[in-house]
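Just below is one structure, and these are the notes that go with it.
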Amino acid sequence: MRAQEKILVLDFGSQYTQLIARRIREARVYSEIVDSAISVEEIRKHNPSGLVLSGGPASVHQAEAPVVDPGIFDLGLPILGVCYGLQLTTKMLGGTVKRSGSREYGHAAIEADIKNPLFEGIPACSSVWMSHADEVSELPAGFKGIASTDRVPHTAVCDAKRQIWGVQFHPEVVHTKHGKKMIRNFVRGICGCKGRWTARAYVGQAIEEIRAQVGTDNVICGLSGGVDSAVAAVLLHKAIGDQLTCIFVDNGLLRWEEARKLDVVFKKNMKMKVVMVDAADHFLTHLKDVTEPEKKRKVIGHEFITIFRNAAKSIPNVKFLAQGTLYPDVIESSGIGKHAEVIKSHHNVGGLPKELGFKLVEPLRMLFKDEVRALGKELGMDDDMIWRQPFPGPGLAVRVLGAITKEKCDLLRLADKIVVEEIKAAGWYRKIWQSFAVLLPVQSVGVMGDGRTYEATIALRAVHSSDGMTADWVQLPHKILARISTRITNEVRGINRVVYDITSKPPSTIEWE
Ligand code: XMP
């Protein structure tokens, strides 16, 4: 990567570490998350403009509590410690951290010294988000308090001479009213960064890097219909033109007119080379009579690889496989975050194994999702493509409960199209993580005109979530629910009942299978 302004975030396992990195980037400064055990030599190699020490679940009083290379305090780089980062800094520099019997969790009002550069431009009294047990009781030599609450005298501290700041609260979460500004003050004001990290700057840099990596070889890229692979493909196409061939496998389990839309957008409009593989029959044959959800996923994953491998063979001189891997996946698979308490489980249906034998090009691997969308916009992509809700690799197979047939998929596709249309028309589509229809294996009695019906049921699912790991069901206005219900029962033959799923995750999952 070309030399650029960079802030390193040393991770102590806080659930908010990625948020810190994102907030820094929102201030247009590139940030990277590194393990808290990083050595001073390694830090020097990054040539950062400043360091942030994240929060974390440990207490500095625990024997095994993570520490940092003490040399970081002599690097002459501005440092901001957040929560555990502050407590650790205090302890390592000779101050005292007091064990607190109770945990302070939630909003707190601080009174801050607004002459301090960290608080420039924010009101003297403001609301912050606390989540800690320990607190600083005695400051290390050279430090002074720069903010307090009625409970915690040293809520924010600094040693201006050594350029070290610390805050007990979490400026990275939205509940800290002026947190964004504080982070901006640190990276732009205190660290002196100019703010050069923009989607436009990234395009130029990424194109250079892709060309340098790929040379004159050919690249294939699997298009899934999702945002990430689409943006990766468009970026690659801009960098290497016809050296890129995209492969799109229609497994018959996709959303309404997915294949046609991709054909128009990528092949016709953007003039990209796209191999369309119609494998709907293949998948449906292999899924015949499969009802067990895990088995469905396995069959689809396996058949996808077989089909993709065959399609790839038809393209000459391919050395590289492009993937839309994002930064959160890179962080997770690199083992950073090992201090975190919750280990996430991963879905990987639709992923391709290393054994395919290609080298990887991952032009989005340092980006967060919101940056990928900004990049897509910069590349001239349609909002429709950039703002798509996530769709699971196994597609409609996990939304047609029980055995899968083409007729059931067609019926669900139409119902789902109506859901998407109405949610979009009501202006809710971008506000919701996912909103979709599920076809239940339940027949019930209804009446239509003068006749009795005995037909299937559609369940609506709409959830708010930030990463899919937990989710809350959306309290959609009744008017929208009513319209969706009326349209589905009127327009989809075979459905006479619509129900709304009002469970969150946990205890449910987002998908029904
Ligand atoms: P669950 O149903 O586990 O889903 O609450 C969480 C998020 O993951 C998506 N999902 C998948 N994505 N392959 C994927 O690429 C899969 O096998 C898969 N299963 C679930 C789901 O849509 C939700 O966003």
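Below are the figures for this structure:
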| quantity | calculated |
| --- | --- |
| Nitroxide proxy distance, nm - points 7 Å out along Cα→Cβ at K144 and D384 | 6.0 |
| Farthest toward positive dipole pole in the chain [+1 Lys/Arg, -1 Asp/Glu at C-beta], among S444, S126, G215 | G215 |
| Mean separation of Cα contacts under 8 Å, 6 or more apart, over the residue count of the chain: relative contact order % | 11 |
| Helix 478-491 axis, angle to the chain major axis (alpha carbon atoms, nearest 10°) | 20 |
| Tilt relative to the chain, helix 406-425 - C-alpha long axis, 0 to 90 degrees, to 10 | 50 |
| In order through segment 184-195: 3J(HN,Hα) via Karplus (6.51 cos²θ - 1.76 cosθ + 1.60), integer Hz, x for Gly, Pro | 4, 4, 5, 6, 8, x, 5, 7, x, 6, 8, x |
| Förster-model FRET efficiency, 30 Å R0, R309 and K261, C-beta, rounded to 0.05 | 0.75 |
| Under-5 Å amide H pairs with I33, H placed in peptide plane, nonlocal only | V9 |
| Efficiency of FRET from Cβ geometry, A63 and V174, R₀ 30 Å, rounded to 0.05 | 0.30 |
| Base-10 log of normalised Debye intensity for segment 405-500 (one unit scatterer per alpha-carbon) at q = 0.11, 0.17, 0.20 Å⁻¹ | -0.33, -0.74, -0.97 |
| Segment 315-324 - phi-based ³J(HN,Hα) in whole Hz, Karplus 6.51/-1.76/1.60, Gly and Pro as x | 9, x, 6, 7, 10, 10, 10, 8, 9, x |
| Label point distance in nm, K359-K377, each placed 7 Å from Cα along Cα→Cβ | 3.4 |
| Listed residue (M272, T176, P394) projecting farthest to the positive dipole end of the chain, Cβ model | M272 |
| Other-chain or far-sequence residues with amide H under 5 Å of L360's (modelled H) | L321 |
| Histogram of C-alpha separations across segment 6-190, 10 Å bin width, % | 10, 43, 39, 8, 0 |
| About the Cα centre, charge dipole magnitude for the chain (Lys/Arg +1, Asp/Glu -1 at Cβ), debye | 960 |
| At R0 = 51 Å, FRET efficiency that the Cβ-Cβ distance of K271 and S127 yields, to 0.05 | 0.45 |
| Residue-averaged [θ]222 nm for the chain, counting only DSSP H segments that reach four residues, each worth -39500 (n - 2.57) | -9000 deg cm²/dmol |
| Other-chain or far-sequence residues with amide H under 5 Å of C246's (modelled H) | C221, K273, V274, V275 |
| Cβ charges +1 (Lys, Arg) and -1 (Asp, Glu), total dipole of segment 1-73, debye | 420 |
| Segment 92-195 - percent relative contact order, Cα under 8 Å, separation 6 or more | 28 |
| Sorted peptide list for 398-404, 449-455, 369-375, 477-483, criterion being average Cβ within 10 angstrom, highest first | 398-404, 369-375, 477-483, 449-455 |
| Extension gain from K45 to R430, taking 0.36 nm per residue of separation minus the Cα-Cα distance | 134.6 nm |
| From phi via Karplus (6.51, -1.76, 1.60), per-residue ³J(HN,Hα) for segment 496-507 in Hz, x at Gly/Pro | 10, 8, 10, 10, 10, 7, 10, 10, 9, 10, x, x |
| Largest-first ellipsoid semi-axes for the chain, taking √(5λ) over the Cα gyration tensor eigenvalues, angstrom | 46, 29, 20 |
| Degrees separating the helix 17-26 axis from the principal Cα axis of the chain, which is the longest one | 90 |
| Stretch gain in nm, segment K161-T470, where the contour uses 0.36 nm per residue and the Cα spacing is subtracted | 106.9 nm |
| Nearby aspartates and glutamates by direct alpha-carbon distance to K115 (threshold 19 angstrom, same-chain neighbours under 8 apart not counted) | D159 |
| Whether segment 216-386 is rounded, prolate or oblate, judged on the alpha carbon gyration tensor where a/c under 1.5 counts as rounded | rounded |
| For segment 202-286: relative contact order, % (alpha-carbon pairs under 8 angstrom, 6 or more apart) | 29 |
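FYI, it's all coordinate maths here, none of it is from the lab. Since we're looking at a predicted model, the values are computed, not measured. Positions of Cβ are generated from backbone atoms using ideal geometry, with glycine treated the same way; all protein chains shown enter the neighbour counts.
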